[in-house]
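A.B. asks: There's a structure below that I have some questions on.
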Amino acid sequence: MKHTLLAALVFCALPVLAGTPQEQLNTFSAQAGAKPDPARGQRLFTSNHGREWSCASCHGATPTGAGKHAVTGRSIGPMAPAFNPERFTDPAKSEKWFRRNCNDVLGRACTSGEKADVIAWLMTLK
């Protein structure tokens, strides 16, 4: 009985894997303990941060259309969920790309607050 209760408590402590952009936004906002700021997300997305690339380098300043990888030339689907319904529906995929792209753009991992800000901005694009 103790082990069942302990397993239940551990399971409840794990982060919820969200399957919609709004659910992922809510998860990152809760982790950050702050309300997301779309304007801050737009600035993070479109600005260089002392590195060669910004997010906009590959995704476009207004990521409602297809982008193109700056090095490989590979096509990238729109980032805004209204223009690409698959965006931010797979939490593992979102984490993978945030990890990879934040490192390229910022030279570090993005915080939960930064992820929430970017998703909040992308969700305003209609």
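The values are calculated or read from the model by the stated rules, or taken from the named source; none is laboratory data. Keep in mind that what you see is a predicted model, and the values were worked out from it rather than measured. As a convention, Cβ positions derive from the backbone with ideal geometry for all residues, glycine included, and neighbour counts pool all protein chains shown. Note: accessible area is taken over every heavy atom of the protein model, side chains too, but ligands, DNA and RNA are not part of it. Shrake-Rupley method; radii C 1.70, N 1.55, O 1.52, S 1.80 Å.
A.B. asks: For the chain, modelled as a GNM with alpha-carbon contacts under 10 angstrom, which of 47, 112, 75 fluctuates the most?
C.D. replies: 75
A.B. asks: Each label point is 7 Å from the Cα along the Cα-to-Cβ direction; what then is the distance between the points at residue 82 and residue 22, in nm?
C.D. replies: Placing both labels 7 Å along Cα→Cβ, they lie 1.5 nm apart.
A.B. asks: OK, next. Express the carbon and sulfur contribution to the solvent-accessible surface of the chain as a percent, rounded to the nearest whole number, probe 1.4 angstrom.
C.D. replies: Its accessible area is 58 percent carbon and sulfur atoms.
A.B. asks: Note down the accessible area of residue 49, probe 1.4 Å, to the nearest 10 Å².
C.D. replies: 70
A.B. asks: Sorted from largest down, what three extents in whole angstroms do the Cα atoms of the chain have along their principal axes?
C.D. replies: Here the spans come out as 56, 30, 29 Å, largest first.
A.B. asks: Still on this structure, please answer the following. Once both labels are modelled 7 Å past Cα along the beta-carbon direction, what's the residue 62-residue 49 spacing in nm?
C.D. replies: With each label placed 7 Å out from Cα toward Cβ, I get 2.5 nm.
A.B. asks: Evaluate E = 1/(1 + (r/R0)^6) for residue 103 and residue 37, where r is the Cβ-Cβ distance and R0 equals 22 Å; express this FRET efficiency to the nearest 0.05.
C.D. replies: Taking R0 as 22 Å, the efficiency between residue 103 and residue 37 is 0.45.
A.B. asks: Give me the accessible area per residue for the chain, probe 1.4 Å, as a whole number in Å².
C.D. replies: That works out to 62 Å² for each residue.
A.B. asks: Then there is this: Which one of 98, 28, 45 has the biggest mean-square fluctuation once the chain is modelled by GNM with Cα springs under 10 Å?
C.D. replies: For the chain, modelled as a Gaussian network with Cα springs under 10 Å, the answer is 98.
A.B. asks: Can you give the relative contact order of the chain as a percent, counting alpha carbon pairs under 8 Å and 6+ residues apart?
C.D. replies: Details: 179 pairs, mean separation 44.5, N = 126.
Relative contact order here is 35 percent.
A.B. asks: With +1 on each Lys and Arg Cβ and -1 on each Asp and Glu Cβ, how big is the dipole of region 2-124 about its Cα centre, in debye rounded to the nearest 20? Before the final figure, lay out each step's value.
C.D. replies: On the way: 14 positive and 9 negative charges, 43 e Å.
Using Cβ point charges on Lys, Arg, Asp and Glu, region 2-124 gives about 200 debye.
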